[in-house]
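**Student:** Take this structure, written in C-alpha cells, and hold onto it; I'll ask about it next.
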Amino acid sequence: RAARRGVLLMAYGSPERLEEIEAYYTHIRGGRPPAPELLEELKARYLAIGGVSPLAAITRRQARALERRLGWPVYVGMRHWHPWIAEAVEAMARDGVREAVGLALAPHASRMSSGAYVQAAREALQAIEPSRRPSFRWIESWATLQPFVLAVARRVREAARRLPGDAVEQTAEGTLALAPDTRVLFTAHSLPERIRTWNDPYPSELERTCQAVAGSLGLAAGRWELAYQSRGRTAEPWLGPDVSEALERLAGEGVGRVVVCPVGFVADHLEVLYDLDVEAAAQARRLGIAMVRTASLNDAEDFIEALARLVIEAGPEDG
Ligand code: FEC
C-alpha cells in the first residue's frame with residue numbers, strides 16, 4: 001500500500017482582523033514591536049484596501065484547489081500568522097502523513113524568503129518524534145518552472161491589451177510587440193542589500209524569471225525591466241531600483257504606458273493592492289503614465305496546474 005502523502009503549502013500569512021495587525025507586524029519584525037507611528041501607518045494601508053487583506057482567504061483557496069487537483073491532503077502553514085508552519089507540520093504527523101512535499105508560495109529562492117519558510121518547517125519537524133515524522137522533499141525555488149512562466153506571460157499579454165491607444169503593435173501567435181513608448185515593469189519585494197554578501201540567489205532568480213517571461217512573449221530587449229517594491233522602513237540599503245525610481249526615470253525617457261507585473265508574488269495582498277494599485281498608480285498618474293497591473297495568479301486553473309506539476313515532479317513515485 002502506498003504511504004500516506006501530503007503537501008505542506010507555506011505562505012506569508014496575513015492578519016484577518018484590524019486588531020491582529022500589531023502582533024503580526026511584531027512577528028514580521030522578529031519580535032520587536034513597531035513604533036506607534038509605524039503601526040498606524042500600516043493600519044492605514046490595510047484600511048485603504050478595505051480593512052483586511054484577501055491573502056489568507058486566497059491561500060486557503062489555492063490549497064483547496066491544489067488538493068482537488070492532486071487528490072492528496074494539502075496543509076497550509078503560514079510564516080507570519082496562524083495557522084503557523086509548525087502547526088501544519090504537527091497536523092501532518094498527527095494525520096499519519098509519511099511522504100510529504102514542502103513548497104512555499106514564493107517562486108524565488110532566498111535565505112530571507114523561501115529559505116526561511118523551509119527553515120521554519122525543518123525546525124518544527126525536529127520537535128516531532130522520529131517515528132511520527134513525515135519524510136519531506138523540499139521545493140525551494142520554481143523561478144523558471146515553465147507553466148508558471150507561461151501563466152505570467154499570459155497575464156502580461158492580457159494586461160498590455162488594456163493599455164490605451166496603440167500600445168500593442170501586433171501580436172503574432174503568443175508574441176507581444178510593444179510600441180516604443182510602452183514598457184513592462186516586473187516587480188518583486190525588495191530585500192536588504194546585504195543579501196548580496198552571502199551570494200543570495202534572489203536577484204538572479206528574479207532576473208531569470210523575467211528573462212523567461214520576456215523570452216516566451218518574444219518581448220524585445222529594452223522593452224522590459226525589473227524593479228523592487230515595498231522596501232522595509234529601515235535605515236539600511238535595500239535592493240533597487242525601487243518602482244518609484246523606475247517610473248520616474250521611464251517618464252523622463254518619454255515612456256507613456258507601463259504594464260506592471262508583480263512577478264515575485266502569486267496572490268492579491270497588501271503589497272499588490274496598496275503599494276502598486278494605490279501608491280504606484282497615483283505616481284504614474286502624476287507622471288502622465290498610463291499604468292495597468294497584471295492580474296494575480298491566485299487560484300486560477302493554470303497556476304494551480306503549475307503547482308500540481310511541481311509537486312508531482314518532486315513527490316514520491318506512485319505505488
Ligand atoms: O496582505 C498581507 O496582509 C500581507 C502582505 C505581505 C506579503 C509580503 C511578502 C514579502 N515580504 C518580504 C520581505 C519583507 C521584509 C520586511 C517585510 C515587511 C513587511 C511588513 C508587512 C509585510 N511585509 Fe513582507 N509581505 C507582506 C507584508 N517584508 C505588512 C511590515 C511593514 C512594512 O515594512 O511594509 C521587513 C521586515 C523588517 O522590518 O524587519 C524583509 C518578502 C516577500 C515576498 C516573498 C515571500 O513571500 O517571502 C521577500 C505578501
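None of the figures in this text is laboratory data; all of them are computed from the coordinates on show. Keep in mind that this is a model prediction, so the values were computed, not measured. Using ideal geometry, Cβ is built from the backbone for each residue, glycine included, and neighbour counts are taken over all protein chains shown.
**Student:** Just for the Cα atoms in the range 124-283, what are the lengths along the principal axes, largest first, rounded to whole Å?
**Tutor:** The principal-axis extents, from largest down, are 63, 42, 28 Å.
**Student:** Based on DSSP H runs of at least 4 residues, each adding -39500 (n - 2.57), what is the mean residue ellipticity at 222 nm of the chain after dividing by all its residues, to the nearest 500 deg cm²/dmol?
**Tutor:** Mean residue ellipticity at 222 nm (helix-derived): -12000 deg cm²/dmol.
**Student:** While we're on this one: If you take every DSSP beta bridge whose two residues both sit in the chain, what share of them, in percent to the nearest 5, is antiparallel? Kindly include the intermediate steps, with their values, before the conclusion.
**Tutor:** Details: 3 of 36 bridges.
About 10 percent, rounded to the nearest 5.
**Student:** At q = 0.12 Å⁻¹, work out log10 I(q)/I(0) for the chain with the Debye formula, treating every Cα as an identical point scatterer and leaving solvent out; two decimals please.
**Tutor:** With one equal scatterer per Cα and no solvent, log10 I(q)/I(0) is -0.85.
**Student:** Nearest 10 degrees is fine. How inclined is helix 243-252 to the longest principal axis of the chain, computing both from alpha carbons?
**Tutor:** 20
**Student:** Per residue, how big is the convex hull around the C-alpha atoms of the range 1-114? Give it to me in cubic angstrom, could you?
**Tutor:** So the per-residue Cα hull volume is 119 Å³.
**Student:** Measuring from the lowest to the highest alpha carbon on each principal axis, how far does the range 92-190 reach, largest first, in angstroms?
**Tutor:** 63, 28, 18
**Student:** Please give the Cα centre distance for the range 252-319 versus the range 119-133, rounded to the nearest Å.
**Tutor:** One Cα centre to the other: 33 Å.
**Student:** Which peptide among 65-73, 40-48, 101-109 comes first, and what is the full order, when sorted by highest mean count of other Cβ atoms within 10 Å? Present the calculation step by step, with values, prior to reporting the outcome.
**Tutor:** Details: 65-73: 16.8, 40-48: 14.8, 101-109: 25.2.
By packing density, highest mean first, the sequence is 101-109, 65-73, 40-48.
**Student:** On each of the three principal axes of the Cα atoms of the range 253-303, give max minus min coordinate, whole Å, ordered largest first.
**Tutor:** Per principal axis, max minus min of the Cα coordinates gives 37, 20, 13 Å.
**Student:** Also, I was wondering about something else. Taking the Cα centre of the chain as origin and charging only Cβ (+1 Lys, Arg; -1 Asp, Glu), how large is the dipole, in debye to the nearest 20?
**Tutor:** On the way: 39 positive and 42 negative charges, 116 e Å.
Using only the charged Cβ atoms, the result is roughly 560 debye.
**Student:** Which log10 I(q)/I(0) values does the range 200-284 give at q = 0.13, 0.19, 0.24 Å⁻¹ under the Debye formula, counting every alpha carbon as one identical point scatterer?
**Tutor:** Result of the Debye calculation: -0.46, -1.02, -1.48.
**Student:** Give the residue from Gly288, Val52, Val101 lying farthest towards the positive end of the charge dipole for the chain; charges sit on Cβ (+1 for Lys and Arg, -1 for Asp and Glu) and the dipole is referred to the Cα centre.
**Tutor:** The one lying farthest along the dipole's positive direction is Val101.
**Student:** Please determine, in degrees from 0 to 90 and to the nearest 10, the orientation of helix 36-48 with respect to the longest principal axis defined by the Cα atoms of the chain, where the helix direction is its Cα long axis.
**Tutor:** With both axes taken from Cα atoms, the answer is about 80 degrees.
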